[in-house]
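Comments concern the structure below.
The values are calculated or read from the model by the stated rules, or taken from the named source; none is laboratory data. Because the structure is predicted, anything quoted here is derived from the model rather than measured. When we count neighbours, we look across all protein chains shown, and the Cβ atoms used for this are built from the backbone with ideal geometry, even at glycine. Areas reflect the complete protein model, heavy atoms only, side chains present, ligands, DNA and RNA absent. Shrake-Rupley method; radii C 1.70, N 1.55, O 1.52, S 1.80 Å.
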Amino acid sequence: MKFPALSTSKTLNFPANLIEKQKIPFQIFLRKISVQGKTNRSGKSVHALSKNNSGSISIATTVTEERDRVFDSLRNEKGWIHFVGIGGCGLSALAMLALKQGYEVSGSDIEWSSFMDGLQEAGALLHLGHSVENMQRNAASRLPDAIVVSSSIPQHNVEILYAKSVGVPVYKRDHWLGKLTQGYNLIAVSGSHGKSTTASMLAYVLDGMGDNLTAVVGAHVPQFSGGNIVFGDGWNFVLEADEYDGCFLGLSPYIAIVTNLDWEHVDIFQNEEAVKATFRKFLSRIRVGGHLILCGDSEGAYSLLTDGKQPIGSHTWSGLRSRPLEKCSDSYNITTYGTTSFNDWHASSIRPNLKGGCDYTLCHQGCSVVDISLQIPGVHNVLNSLAVIATVVTLFSDQSPINNTINRVSLHLNNFIGIKRRFEMIGTIYGCHIYDDYAHHPTEVGAVIQAARQRFPNKSLLVVFQPHTYSRLAALKDDFANALCDADQVVVTGVYAAREIDEQNVGGRELAATIIGPPSEYIPTLDDVVDKLAFQISEKPHRNIVVLTLGAGNITTVGPKLLYEMQRRLQVNS
């Protein structure tokens, strides 16, 4: 996705015709009451009854129905849940939510993560390494009532095999999420990039507006007391909905947000067409009468509206298109957002502000509405905020005048400070500003470099990039090189393999050699990177430089170590 250049603007007024325009009213969707039973707020399952050959009534006993029965029992009795892969961003959030809901929680992972600190403080029993003993209490006389498994955990994991052998129900994350969110108005935030920021921004705004929502986000949010969750007893549930391993296909959202679409998980999807096919399945899960909110600036996302075909009367992908069709489905409504005027909601006159973020003029169907101010930088965050605005208006358009709703949303957007590892400031020393970001895809790398240029237009930008997985690097090496060439200096580290082994014959050295323009260097180990940068920066102290560490692996340790090393050298030389 290409981002427009920043520009100057004027403050514009809210148009009267928008105030009068009514949106689809907010609805609460509950499953239909059947003759066998009914659905309540907790989402309790109703088992279908059927007659067997003798004419007597029997209950189906499929594996899915049995797991549903166990889930309902767990929900009512608050049993013991064990999470396999609990240290990851996705499963740690579900474990924290389970703790807040009153469950007994344990979990295991192969290494400790920062997410596990909060879980341990909240009362979870955590184990390093996978073992049968992690699931046994009282000399194996007590076992978990259920285990929930991360998408990254292989099925031959010892804890999964043991659970199956002793009859403990095993839930993959997708099935658990589907059951967990039943009975709520689910707002599922999907997309290849920006899910965590958009979901946390939306949850922060709704919480600030007094909505007693529940939210689960795959990142630490400093403004959430629960770290990566919000726990309430209202009807709305904001969820970061991940396409990895088809995880979001177990959901039934009332509102689905698609921030963009890219070929991201190359180890799961063969190409971008495979990603689109999975997202189309996800859109088919939107509830009847629900809503799709989609970024029209993303070519991949926009193609979902037409099933790969251009709508009647539109032009090629040049931005000179007519407005998208109001529906691509008879079952749900569509709202688009972006930086171009064919979208229902769009941002114009995007410009940097004194807080280091972005200001822009919010427009609806071509009419100026109000000026929005963000503390977080980058056009990608402007797009994220537009998704939030479109969603909140959809939720509450029948409960208060639209101008009142947008003014309240604007206030809370202005106060949102972002999430962990998204352009996160580590510290400043010797005139050197150190930032860390999770960016691990070329689109994300390009976006965060642009954001750094926006915030620090007169500073030199030194990027340290740790490639994440061999398969992604092999598939997107040239795209990474193009994204990184916008820096002033690049250091590429060894590949963070994550779940993979090196079968691609490509690594950090090959990427560094491909970058054209800025000086680029391959330094395999992170400790050597720290030593190199500390020496380089201390040689010429007080020059204007920004160090940006990028990647989804342990590259996040480089910034704090560099800051410590620079402080140590400063004390020695003083």
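Does any residue in the range 181-199 that is within 16 Å of residue 231 (Cβ to Cβ) and part of a loop (DSSP other than H, G, I, E, B) come within less than 6 Å, Cβ to Cβ, of a residue that is modelled with pLDDT of 95 or more and open to solvent by less than 10 Å² (accessible area, probe 1.4 Å) six or more places away or on a different chain, and which pairs are these? Partner pairs satisfying both residue conditions: 181/237; 184/237. Under the condition of being open to solvent by 10 Å² or more (accessible area, probe 1.4 Å) and farther than 18 Å from residue 91 by Cα, the residues counted in the range 184-224 number 12. When we screen 385, 397 for residues that are open to solvent by less than 10 Å² (accessible area, probe 1.4 Å), at pLDDT below 95 and hydroxyl-bearing (Ser, Thr, Tyr), the only hit is 397. For the range 422-431, taking the residues that are in contact (Cβ under 8 Å) with a residue 24 or more places away in the chain and open to solvent by 40 Å² or more (accessible area, probe 1.4 Å), the one that is nearest to residue 563 (Cα to Cα) is identified as 426.
Just one residue in the set 120, 136 is on the phi < 0 side of the Ramachandran plot and touching a strand residue (DSSP E or B) at 6+ places or on another chain (Cβ under 7 Å); that residue is 120. For the range 432-470, filtering for residues that are open to solvent by 20 Å² or more (accessible area, probe 1.4 Å), under 21 Å from the mean Cα position of the chain (by Cα) and among the hydroxyl-bearing types (Ser, Thr, Tyr) leaves 2. Listed by position, the helices (runs of 4 or more DSSP H) enclosed by the range 37-130 include none that has at least 1 residues that are touching a helix residue (DSSP H, G or I) at 6+ places or on another chain (Cβ under 7 Å), more than 23 Å from residue 228 (Cβ to Cβ) and modelled with pLDDT of 95 or more. Beta carbons closer than 7 Å, at least 6 apart along the sequence or on distinct chains, pair a first residue in the range 509-537 that is in contact (Cβ under 8 Å) with a residue 40 or more places away in the chain with a second that is assigned to a helix (DSSP H, G or I) and of a type in the set (Ser, Thr, Tyr) for 526/557. Just for the range 487-515: of the residues that are at pLDDT below 95, touching a helix residue (DSSP H, G or I) at 6+ places or on another chain (Cβ under 8 Å) and of a type in the set (A, V, I, L, M), which one is farthest from residue 154 (Cα to Cα)? Once the filter is applied, the top-ranked residue is 506. Among the criteria (1) open to solvent by 30 Å² or more (accessible area, probe 1.4 Å); (2) hydrophobic (A, V, I, L, M, F, W, C); (3) closer than 18 Å to residue 381 by Cβ, the one residue 516 does not fulfil is (3).
Taking (1) surrounded by 15 or more Cβ atoms within 10 Å (Cβ to Cβ); (2) in a helix (DSSP H, G or I); (3) not polar (S, T, N, Q) in turn, residue 274 satisfies each apart from (1). Can you say whether residue 142 is open to solvent by 60 Å² or more (accessible area, probe 1.4 Å) and more than 20 Å from the chain's Cα centre (by Cα), as far as the supplied structure shows? It is true that residue 142 is open to solvent by 60 Å² or more (accessible area, probe 1.4 Å) and more than 20 Å from the chain's Cα centre (by Cα).
Checking each residue in the range 333-382 for being open to solvent by 10 Å² or more (accessible area, probe 1.4 Å), without any contact (Cβ under 8 Å) to a residue 60 or more places away in the chain and not in a loop (DSSP other than H, G, I, E, B) picks out 334, 346, 373. Of the numbered conditions (1) among the small types (Gly, Ala, Ser); (2) over 25 Å from the mean Cα position of the chain (by Cα); (3) within 18 Å of residue 198 (Cβ to Cβ), residue 338 fails exactly one; give the number of that condition. Evaluating residue 338 over (1) among the small types (Gly, Ala, Ser); (2) over 25 Å from the mean Cα position of the chain (by Cα); (3) within 18 Å of residue 198 (Cβ to Cβ) leaves (2) as the failure.
Any chance the range 241-253 includes a residue that's over 26 Å from residue 415 (Cβ atoms), at pLDDT 95 or above and surrounded by 21 or more Cβ atoms within 10 Å (Cβ to Cβ)? Don't jump to the end; show me each part of the working.
Taking the range 241-253 as the starting set, the residues that turn out to be over 26 Å from residue 415 (Cβ atoms) are 242-253.
Now restrict to residues that are at pLDDT 95 or above: 253.
Now narrow it down to the ones that are surrounded by 21 or more Cβ atoms within 10 Å (Cβ to Cβ): 253.
Yes, there is a match, as at least one residue in the range 241-253 is over 26 Å from residue 415 (Cβ atoms), at pLDDT 95 or above and surrounded by 21 or more Cβ atoms within 10 Å (Cβ to Cβ).
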